[in-house]
Amino acid sequence: MLGTLLFIVALAALLIGYPVAFTLGGVSTIFGLMTFGLDFFNFLPLRIWGVNTNILLMAVPLFVYMGVMLESSGLAEELLETMALLFGRLRGGLALSVVIVGAMLAASTGIVGATVVTMGLLSLPTMLRRGYSKQLSTGTIASAGTLGQIIPPSIVLVLLGSVLNVSVGDMFVGAMIPGFVLVGLYILWIWLFATFRPQSAPPIPAEELAAFKGKEMVIRLLRAFVAPVVLIVAVLGSIFAGIASPTEAAAVGAVGATILTVIQKRFNLETLNKVMKETVFLTCMVFIILVGATCFSLAFRGEGGDRFLQSLITASGLSPMGFLAVFMLVVFVAGFFIDFIEITFILVPIAAPIFASMGLDLLWVGILVAVNLQTSFLTPPFGFSLFYLKGVSPPSVKTTDIYKGIIPFVAIQLVGLLLVVLFPESVTCLPEYLSRDVPISELRCWN
């Protein structure tokens, strides 16, 4: 029961507002001393050293650097302007361009907060000025910004792969179909909304589009698309082709993002200083939470908390899918209050051995958790992405406008999550295909 009490006390302290890393480390140390005595300090350093020397986690600061550097490059602004002109003749074309640019930024950066803030600053004033409804504008930006949670290279997938002991490359490949299904569902909803409520999503006036044609259009499209596509291919293509590990590909991405910033003429010592400080800050936040979570895991398992949970689940008679449903609900609710990093390091390690003992595919479970976390990021009243967007919105945009706008996209997220539950092969088929030199028709997931 000490393990259960540890979990309750730590969760209560987090909800009260104590810092995550120090809450986990401090509470766990107290409970660890109660169980092991001073021997706890013999076990803990070895566990922390073993976790922090995991070469997979080296990808975290590299992907963070890549994302922050791209944010400074001005690439998102150029992409958005070009896509808006390309789809400008369509009703809802500006909203469609926001979704596509959000997906491309997700595949280039993998940082949710940076993408939501960047898209909010660049596109929200433009959408409102062109007559888009506040609800459609805010809902589109918040949902497109969170695509970095599921579309690789996502830091969420790197951390989940490390915790679940699943190949990060397989996590990246497995997330491709669910991620782009969500993009397709977003686009379908915006098109339907603009069709039935055209006054809320008007096209760009013809006179503004007149200059965007012929040679100039081709040049602008090439300039806007070539750079991010090359970076995406360099990072994800090298992983999928088996040329580089995720950590090596992250290094390629970091160098590539720096080169793109130089090409955009945005690179200087001030930019480099800002990017490196932000990278160090975010990386330290991740790893100090990881240290606290490692301390928590050691104390929780040492006190038999994991065995108690397993016996509780066995006694309850829950089927594997029943336990999965309960866990998904817990993750969904926890996502309102604590960040994905804490959820990944606290809840997932507790449930992972239970999922493995039940025979569930941990790759599939990892992608389900990632999609679920993305949904909780969007859900009122505590969705983190909604707070990010509100922070950069004009005063005329109220919190209620953001809440109303996000509701259809939360419903779309839940549909996407249900599709992944009903069709596990949407996650497992591509990794199996890339790992085996056989025709796709002969794959187990295909049949």
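Remarks
- Residues of the range 379-427 that are among the aliphatic types (A, V, I, L, M), part of a helix (DSSP H, G or I), under 19 Å from Y132 (Cβ atoms) and at pLDDT 85 or above: I402, I406, I407, I412.
- Taking the criterion of being assigned to a helix (DSSP H, G or I) and within 15 Å of S154 (Cα to Cα), the residues of the range 235-246 that qualify are V235, L236, G237, I239, F240, P246.
- Pair list, Cβ under 7 Å, 6 or more apart: the range 216-238 residue modelled with pLDDT under 75, other residue among the polar types (S, T, N, Q): R220/T82; L221/T82; A224/T82
- Check on L136, crowded, with 18+ Cβ neighbours inside 10 Å and either among the aliphatic types (A, V, I, L, M) or on the phi > 0 side of the Ramachandran plot (or both): yes
- Qualifying positions in the range 351-378 - free of Cβ contacts under 8 Å to residues at least 60 places away in the same chain, more than 18 Å from L147 (Cα to Cα) and in a helix (DSSP H, G or I): A351, P353, I354, F355, A356, S357
- Test set (1) over 16 Å from the mean Cα position of the chain (by Cα); (2) at pLDDT below 80; (3) closer than 23 Å to G148 by Cα - L347 fails condition number: (2)
The values are calculated or read from the model by the stated rules, or taken from the named source; none is laboratory data. Please read all numbers here as calculations on a predicted model, not as lab measurements. Cβ atoms come from the backbone with ideal geometry, glycine included; neighbour counts cover every protein chain shown.
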